[in-house]
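**Q** The following block contains the structure, expressed as structure tokens.
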Amino acid sequence: MRHPACMPTVVGQDETIIANEPMMENPFQKYAGQFSEKKLFIKLGRFARQAGIKTVYSALLMYYAFTRKETPNWARSIIIGVLGYFISPIDWIPDLTPIIGFTDDLGVLSFGLITIACFISDEVRIKARKRMKAWFGELDLKELADVDDKL
């Protein structure tokens, strides 16, 4: 099912289509200043194995959706805030906490992905999977499918 923000609204008798803008406020906007491509890839490079396949794949899906010209500004704003949170050294559960350190990051990334799901194209998935393969080698496709199935 598509997220309501991604579904067009039919207006008037001539059925003119107007894209919806999301009604919610971005709770992660305060982290937008933390985001940069360089910082994202430094964090992913340092913590990819520790963070786990689902977390890294989710972050890459968000990043590659951000780079698409078709992704609207409201969705880019969500992505920047969510990835800024992921990059931020200060979050709800410190990333260096053994076992559960990236749990909050995965939750925030999941929120972001579901919110902008209609902008996760096959091209975005392919780019993310290629990067994953370069970092992790052979991948457990079931873990990637677990993320994809929620979109």
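The values are calculated or read from the model by the stated rules, or taken from the named source; none is laboratory data. If you're wondering where the values come from, they're calculated on a predicted model, not measured in any experiment. Heads up, the Cβs are rebuilt from the backbone with ideal geometry, glycines too, and the neighbour counts pull from every protein chain shown.
**Q** For residue 132, all conditions in the list (1) modelled with pLDDT of 85 or more; (2) crowded, with 22+ Cβ neighbours inside 10 Å hold save one; what is the number of the exception?
**A** Here residue 132 clears every test but (2).
**Q** Looking at the stretch 16-43, I want the residues that are modelled with pLDDT under 65 and have a partner that is of a type in the set (Gly, Ala, Ser) and surrounded by 11 or more Cβ atoms within 10 Å (Cβ to Cβ) with Cβ atoms under 6 Å, at least 6 apart or on another chain. Which pairs are those?
**A** Pairs that qualify, where the first residue is modelled with pLDDT under 65 and the partner is of a type in the set (Gly, Ala, Ser) and surrounded by 11 or more Cβ atoms within 10 Å (Cβ to Cβ), are 20/5; 22/5; 26/77; 26/81; 28/81.
**Q** Within the stretch 53-88, how many residues turn out to be surrounded by fewer than 17 Cβ atoms within 10 Å (Cβ to Cβ) and modelled with pLDDT under 85?
**A** Matching residues across the stretch 53-88 total 0.
**Q** Taking residue 109 as meeting all but one of (1) in a helix (DSSP H, G or I); (2) at pLDDT below 90; (3) surrounded by fewer than 18 Cβ atoms within 10 Å (Cβ to Cβ), write down the number of the exception.
**A** Among (1) in a helix (DSSP H, G or I); (2) at pLDDT below 90; (3) surrounded by fewer than 18 Cβ atoms within 10 Å (Cβ to Cβ), residue 109 violates only (3).
**Q** Can we say residue 112 is among the small types (Gly, Ala, Ser) and touching a residue at least 60 places away in the same chain (Cβ under 8 Å)?
**A** Criteria met by residue 112.
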